Amino acid sequence: MTAIKGKHIILGITGGIAAYKSAMLVRLLVKAGAEVQVVMTPNAKEFITPVTLSTLSGKPVISEFFTANTGEWHSHVDLGLWADAMIVAPATASTIAKMANGVADNMLVTTYLSAKAPVFVAPAMDLDMMAHPSTVRNISLLRSYGNHIIEAQSGELASHLTGKGRMEEPERIVEVLEAYFSGNCDYKGKHVLITAGPTYERIDPVRFIGNYSSGKMGYAIAGEAASRGATVTLVSGPVSIPAPADSAISVVRVESARQMLDACENVFPDADVAIMCAAVADYAPASPSDIKIKREGNEPPEIRLVKNPDIARTLGEKKHEGQILVGFALETDHEGDNAVAKMKSKNLDMIVLNSLRDAGAGFSTDTNKVTVFTADGRTLPFPLKDKHEVAGDILDTILSL
């Protein structure tokens, strides 16, 4: 018996070379006991035939809005109500853009827009298309709508170049669905407090002291925790990331370190886990100006700085039995020693170390490479991964505490 048995699954197939993998995906889903309805874009039929997919699924493949010779209408609304899940695999850059922006010009996208069930998207394209800002933005939008992104993998692509863009293997996609329907809710009933992004410390109404943090890591942890059953309070500094659409995530917007501390102190007493992922400015101007400081006719201002509150240390002093407090450390030298010293001095249960020496890690990237240190003496290095996968590693380690 599998969790997929008896589930109604729409498999959307788009026009990419990875469509050949979809035949195996249909076979695996049917073998697991699912009822599969294939919906293809017109271009997908150039890569794999509907006859193959119909034979494997046991159902006629849907591609057009109606059957040409009979006029039979294919209701995308009925399909959306029928499904327990929808998977788009492969999802090309074109289809991802249409899904993200509501361009309902084919049966697959209209079905997606009508779907009431969870949607899983497995991107597949060449590495330059994958890395293009428009694709990155569109995938981020899909994720913000509550869709589940099954990350593309790195390897040799159809262009014979090597990089990120390979569709995840069918076996792994089935595992993702199996985990979802099995109810991977190991954080169910837990309240998780997460900080994310930078803080801005005002010099005057138009200038500030800040840093390069994008908030991507904190937002990834928030999304992963919510998907695993947690109720999440996300205290976010100024970021350009859309607010999560998941109703389990409450976002509290702040600007400065003191505002972030106030928000955390309001929530922390009721939190089971607190993850301090934000890059909080260590210093703030002692006397910010209420009006814009003019350049003309003035010498450069001397800005006296004062220390900001240490949010992690403050919460560490208030932590009660049963609470888990996690910190982050971004280091450039003596990384491990500095991270462990921070963990001990702030009464943390665990600290996540980033190093700016590692390519693909640090600020504004979509990937991260971390080493986790725990108060019980463990050192857990992880390879470079997508930040959403890193979020899973972090939450798994917290469970081990």
Once the dipole of the range 243-326 is set up with Lys and Arg at +1 and Asp and Glu at -1 on Cβ about the Cα centre, which of ALA271, SER256, ALA243 lies farthest towards its positive end? SER256
Counting only other residues whose beta carbon sits under 10 Å from that of ASP282, what net charge do I get with K and R as +1, D and E as -1? -1
Using all alpha carbons of the range 247-310, what is the percent of pairwise distances in each 10 Å bin, ordered from the shortest bin to the longest? 16, 38, 24, 15, 6, 1
Euclidean distance of C-alpha centroids, the range 293-369 and the range 128-197, integer Å: 28
Highest to lowest packing among 29-36, 106-113, scored as the average C-beta count within 10 Å: 106-113, 29-36
In the range 177-216, how does Rg compare with the Kirkwood Rh, expressed as the Rg/Rh ratio over alpha carbon atoms? 1.33
Taking only Cα atoms, what is the 0 to 90° angle, nearest 10, from helix 170-182's long axis to the longest principal axis of the chain? 70
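Near GLU156, within a Cβ-to-Cβ distance under 12 Å, what is the net charge of the other residues, with Lys and Arg +1 and Asp and Glu -1?
On the way: positive: LYS164, ARG166; negative: ASP126.
It works out to a net charge of +1.
How much space per residue, in cubic angstrom, does the convex hull of the C-alpha atoms of the chain take up?
In the chain, the Cα convex hull volume per residue is 173 Å³.
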Reduced Cα scattering model of the range 20-168, Debye log10 I(q)/I(0), q = 0.12 Å⁻¹: -0.50
Using r as the Cβ-Cβ distance of GLU178 and GLU321, and R0 as 30 Å, what FRET efficiency do you calculate, to the nearest 0.05? 0.25
In whole Å, what are the Cα extents of the range 111-198 along the three principal axes, biggest one first? 47, 38, 27
Give the distance, in whole Å, between the Cα centre of the range 225-271 and the Cα centre of the range 1-71. 40
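Pairwise over distinct Cα atoms, reciprocal of the mean inverse distance: report the Kirkwood radius of the range 350-401 in Å, one decimal place. Each step should come with its number before you reach the end.
Details: mean 1/r = 0.0895 Å⁻¹.
The answer is 11.2 Å.
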In degrees, nearest ten, helix 257-267 long axis to first principal axis of the chain (Cα): 70
Here the range 322-327 yields Karplus 3J(HN,Hα) values (6.51, -1.76, 1.60; θ = phi - 60°; whole Hz; Gly and Pro given as x) of x, 7, 10, 10, 10, x
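What is the extension gain from ARG304 to ARG378, computed as 0.36 nm multiplied by their sequence separation minus the C-alpha to C-alpha distance, in nm to one decimal?
Values: separation 74, 0.36 × 74 = 26.64 nm, distance 4.07 nm.
Taking 0.36 nm per residue and subtracting the Cα distance, the gain is 22.6 nm.
Report the net charge of residues surrounding PHE373, where surrounding means a beta-carbon distance below 13 angstrom and charges are Lys +1, Arg +1, Asp -1, Glu -1.
Values: positive: LYS342, LYS344, LYS346, ARG378; negative: GLU331, GLU335, ASP337, ASP349, ASP376.
Overall, the nearby charge balance is -1.
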What is the percent of Cα-Cα separations in the range 160-279 that go past 25 Å? 36
On Cα atoms only, tilt of 20-31 relative to the major axis of the chain in degrees: 80
Once both labels are modelled 7 Å past Cα along the beta-carbon direction, what's the LYS59-VAL103 spacing in nm? 2.7
Virtual spin-label span in nm between ASP186 and ILE293, 7 Å along Cα→Cβ: 4.9
Dimensions (Å) - the range 307-401, Cα atoms, principal axes, largest first: 36, 33, 22
Binned at 10 Å from 0, what are the whole-percent values of the Cα-Cα distance distribution for the range 236-386, short to long? 9, 31, 35, 18, 6, 1
Accessible area expressed per residue, the chain, with surrounding protein chains retained (probe 1.4 Å, Å²): 48
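The values are calculated or read from the model by the stated rules, or taken from the named source; none is laboratory data. None of the values given here were measured: they were computed from a predicted structure. All Cβ positions, even for glycine, are placed from backbone atoms using ideal geometry, and neighbour counts span all protein chains on display. Only protein heavy atoms, including side chains, enter the accessible area calculation; ligands, DNA and RNA are left aside. Shrake-Rupley method; radii C 1.70, N 1.55, O 1.52, S 1.80 Å.
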